[in-house]
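The values are calculated or read from the model by the stated rules, or taken from the named source; none is laboratory data. These numbers were taken from a predicted model, which means no experiment stands behind them. Every residue, glycine among them, receives a Cβ derived from its backbone with ideal geometry; neighbour counts consider all protein chains shown.
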Amino acid sequence: MSDSPQIRALLAADLPAYKALRDEMLALHPEAFTSDAETERAKPATSYLSRIGAERADEAFFVLGAWDGDALIGAIACERDPRLKVRHIGHLVGMMVRAGARGRGVGRALLEACVARARRVPHLEMLTLTVTSTNAAAVGLYEAIGFKHYGRLVHAMKLGDTYHDKDLMVLAL
(Lines give C-alpha, C1' and ligand atoms only; values in the text may rest on other atoms or scores of the structure.)
Protein backbone atom coordinates (compact mmCIF):
# COMPACT_ATOMS: atom_id res chain seq x y z
CA MET A 1 0.00 0.00 0.00
CA SER A 2 1.21 3.50 -0.79
CA ASP A 3 1.72 5.92 2.11
CA SER A 4 -1.56 7.77 1.72
CA PRO A 5 -4.64 6.58 -0.10
CA GLN A 6 -6.50 8.69 -2.60
CA ILE A 7 -9.87 9.69 -1.13
CA ARG A 8 -12.64 10.52 -3.57
CA ALA A 9 -16.38 10.26 -4.02
CA LEU A 10 -17.53 7.03 -5.59
CA LEU A 11 -19.11 7.08 -9.01
CA ALA A 12 -21.49 4.61 -10.63
CA ALA A 13 -18.51 2.90 -12.30
CA ASP A 14 -17.07 2.19 -8.83
CA LEU A 15 -20.11 0.25 -7.62
CA PRO A 16 -18.72 -3.23 -8.37
CA ALA A 17 -15.61 -2.45 -6.26
CA TYR A 18 -17.80 -0.96 -3.51
CA LYS A 19 -20.06 -4.00 -3.45
CA ALA A 20 -17.06 -6.35 -3.30
CA LEU A 21 -15.58 -4.40 -0.37
CA ARG A 22 -18.93 -4.25 1.41
CA ASP A 23 -19.65 -7.95 0.90
CA GLU A 24 -16.20 -8.81 2.26
CA MET A 25 -16.54 -6.59 5.33
CA LEU A 26 -20.07 -7.80 6.15
CA ALA A 27 -18.91 -11.42 5.98
CA LEU A 28 -15.76 -10.85 8.06
CA HIS A 29 -17.30 -8.55 10.69
CA PRO A 30 -20.99 -9.36 11.16
CA GLU A 31 -20.97 -7.72 14.60
CA ALA A 32 -19.95 -4.38 13.12
CA PHE A 33 -22.78 -3.90 10.63
CA THR A 34 -26.55 -3.91 10.96
CA SER A 35 -26.91 -5.33 7.44
CA ASP A 36 -26.32 -9.04 7.08
CA ALA A 37 -23.89 -10.53 4.58
CA GLU A 38 -26.25 -13.04 2.97
CA THR A 39 -28.97 -10.50 2.15
CA GLU A 40 -26.51 -7.90 0.86
CA ARG A 41 -24.54 -10.42 -1.21
CA ALA A 42 -27.73 -11.18 -3.17
CA LYS A 43 -28.16 -7.52 -4.22
CA PRO A 44 -26.73 -6.24 -7.49
CA ALA A 45 -24.04 -3.55 -7.34
CA THR A 46 -26.51 -1.08 -8.87
CA SER A 47 -28.62 -1.28 -5.70
CA TYR A 48 -26.13 1.16 -4.15
CA LEU A 49 -26.76 3.93 -6.70
CA SER A 50 -28.93 5.86 -4.25
CA ARG A 51 -26.31 5.57 -1.51
CA ILE A 52 -23.65 7.26 -3.66
CA GLY A 53 -26.14 9.99 -4.56
CA ALA A 54 -26.39 9.07 -8.25
CA GLU A 55 -30.20 9.11 -8.14
CA ARG A 56 -30.57 12.09 -5.78
CA ALA A 57 -30.09 15.81 -6.00
CA ASP A 58 -29.22 15.95 -2.28
CA GLU A 59 -25.55 16.75 -1.60
CA ALA A 60 -25.79 14.93 1.75
CA PHE A 61 -25.85 11.52 0.01
CA PHE A 62 -22.38 10.35 -0.92
CA VAL A 63 -19.88 7.58 -0.44
CA LEU A 64 -16.19 8.33 -0.18
CA GLY A 65 -13.71 5.65 -1.09
CA ALA A 66 -10.07 5.22 -0.15
CA TRP A 67 -8.07 3.92 -3.09
CA ASP A 68 -4.63 2.37 -3.19
CA GLY A 69 -4.00 2.50 -6.92
CA ASP A 70 -6.96 0.67 -8.48
CA ALA A 71 -7.91 -1.13 -5.26
CA LEU A 72 -10.74 0.17 -3.08
CA ILE A 73 -9.44 -0.34 0.46
CA GLY A 74 -12.01 1.59 2.46
CA ALA A 75 -15.26 3.51 2.30
CA ILE A 76 -17.68 5.61 4.34
CA ALA A 77 -21.15 6.86 3.45
CA CYS A 78 -23.19 9.90 4.43
CA GLU A 79 -26.95 10.19 4.08
CA ARG A 80 -29.86 12.06 5.55
CA ASP A 81 -33.57 11.75 6.00
CA PRO A 82 -35.46 13.84 3.41
CA ARG A 83 -38.13 14.98 5.89
CA LEU A 84 -38.02 18.74 6.48
CA LYS A 85 -37.78 18.66 10.28
CA VAL A 86 -34.71 16.39 10.36
CA ARG A 87 -32.83 17.45 7.21
CA HIS A 88 -30.25 19.23 9.38
CA ILE A 89 -28.93 15.83 10.56
CA GLY A 90 -26.61 13.68 8.49
CA HIS A 91 -25.87 10.04 9.25
CA LEU A 92 -22.54 8.31 8.71
CA VAL A 93 -22.94 4.66 7.80
CA GLY A 94 -20.90 1.80 6.46
CA MET A 95 -17.43 2.80 7.62
CA MET A 96 -15.06 0.03 6.52
CA VAL A 97 -11.36 -0.50 5.93
CA ARG A 98 -9.81 -3.69 4.57
CA ALA A 99 -7.73 -5.60 7.11
CA GLY A 100 -4.47 -5.10 5.22
CA ALA A 101 -4.93 -1.32 5.27
CA ARG A 102 -5.80 -0.91 8.95
CA GLY A 103 -3.46 0.90 11.29
CA ARG A 104 -2.18 3.16 8.51
CA GLY A 105 -4.53 6.12 8.88
CA VAL A 106 -6.99 5.08 6.16
CA GLY A 107 -9.99 5.20 8.48
CA ARG A 108 -8.98 8.59 9.86
CA ALA A 109 -8.45 9.97 6.34
CA LEU A 110 -11.89 8.72 5.25
CA LEU A 111 -13.60 10.09 8.35
CA GLU A 112 -11.89 13.49 8.13
CA ALA A 113 -12.76 13.79 4.42
CA CYS A 114 -16.34 12.80 5.12
CA VAL A 115 -16.74 15.35 7.89
CA ALA A 116 -15.13 18.06 5.74
CA ARG A 117 -17.50 17.33 2.86
CA ALA A 118 -20.52 17.23 5.19
CA ARG A 119 -19.55 20.67 6.51
CA ARG A 120 -19.96 22.02 2.96
CA VAL A 121 -23.54 20.71 2.62
CA PRO A 122 -25.97 23.60 3.08
CA HIS A 123 -28.12 23.38 6.22
CA LEU A 124 -26.41 20.23 7.51
CA GLU A 125 -25.72 20.93 11.20
CA MET A 126 -24.73 17.62 12.75
CA LEU A 127 -23.62 14.10 11.98
CA THR A 128 -24.66 10.98 13.84
CA LEU A 129 -23.38 7.43 13.75
CA THR A 130 -23.75 4.16 15.57
CA VAL A 131 -20.82 1.92 16.40
CA THR A 132 -20.68 -1.48 18.04
CA SER A 133 -19.81 -0.70 21.66
CA THR A 134 -17.05 -3.30 21.86
CA ASN A 135 -15.21 -1.94 18.80
CA ALA A 136 -12.68 0.08 20.80
CA ALA A 137 -10.59 1.09 17.77
CA ALA A 138 -13.59 2.57 15.94
CA VAL A 139 -14.97 4.26 19.06
CA GLY A 140 -11.54 5.79 19.73
CA LEU A 141 -11.26 7.08 16.17
CA TYR A 142 -14.68 8.72 16.31
CA GLU A 143 -13.87 10.30 19.67
CA ALA A 144 -10.53 11.59 18.32
CA ILE A 145 -12.37 13.36 15.49
CA GLY A 146 -14.74 14.98 18.00
CA PHE A 147 -17.80 12.72 18.08
CA LYS A 148 -19.52 12.59 21.48
CA HIS A 149 -21.54 9.77 22.99
CA TYR A 150 -25.20 10.54 23.53
CA GLY A 151 -26.49 7.09 24.32
CA ARG A 152 -26.28 3.36 23.95
CA LEU A 153 -28.82 1.05 22.37
CA VAL A 154 -28.54 -2.12 24.39
CA HIS A 155 -29.10 -5.34 22.42
CA ALA A 156 -29.14 -3.35 19.17
CA MET A 157 -28.18 -6.45 17.16
CA LYS A 158 -28.64 -10.14 17.72
CA LEU A 159 -26.31 -12.64 16.04
CA GLY A 160 -27.47 -16.11 16.93
CA ASP A 161 -27.79 -16.00 20.72
CA THR A 162 -25.37 -13.11 21.18
CA TYR A 163 -26.44 -9.48 21.55
CA HIS A 164 -24.32 -6.48 20.60
CA ASP A 165 -24.86 -2.96 21.90
CA LYS A 166 -24.46 0.12 19.72
CA ASP A 167 -23.04 3.42 20.95
CA LEU A 168 -24.84 6.45 19.57
CA MET A 169 -22.52 9.33 18.71
CA VAL A 170 -22.92 12.87 17.36
CA LEU A 171 -20.69 15.61 15.97
CA ALA A 172 -21.83 19.22 15.68
CA LEU A 173 -20.75 20.72 12.36
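Looking for whichever is polar (S, T, N, Q) and under 12 Å from the mean Cα position of the chain (by Cα) here; the options are 34, 39. Which one fits?
34
How many residues, within the stretch 134-150, are surrounded by 17 or more Cβ atoms within 10 Å (Cβ to Cβ) and without any contact (Cβ under 8 Å) to a residue 40 or more places away in the chain?
The total comes to 4.
Restricting to the stretch 118-136, give me the number of residues that are under 15 Å from the mean Cα position of the chain (by Cα) and either farther than 19 Å from residue 73 by Cβ or of a type in the set (A, V, I, L, M, F, W, C) (or both).
7
Looking only at the stretch 157-173, count every residue that is among the small types (Gly, Ala, Ser) and either under 30 Å from residue 121 (Cα atoms) or under 17 Å from the mean Cα position of the chain (by Cα) (or both) and tell me the total.
So the answer is 1.
One residue is enough: does the stretch 145-156 have a residue meeting the conditions at pLDDT below 95, of a type outside the set (Phe, Trp, Tyr), out of contact with any strand residue (DSSP E or B) (no Cβ under 6 Å at 6 or more places or on another chain) and not in a strand (DSSP E or B)?
no
From the residues in the stretch 1-35 that are under 15 Å from residue 157 (Cβ atoms) and in contact with a Leu (Cβ under 7 Å, 6 or more places away or on another chain), which one is surrounded by the most Cβ atoms within 10 Å (Cβ to Cβ)?
Checking each candidate, the answer is 33.
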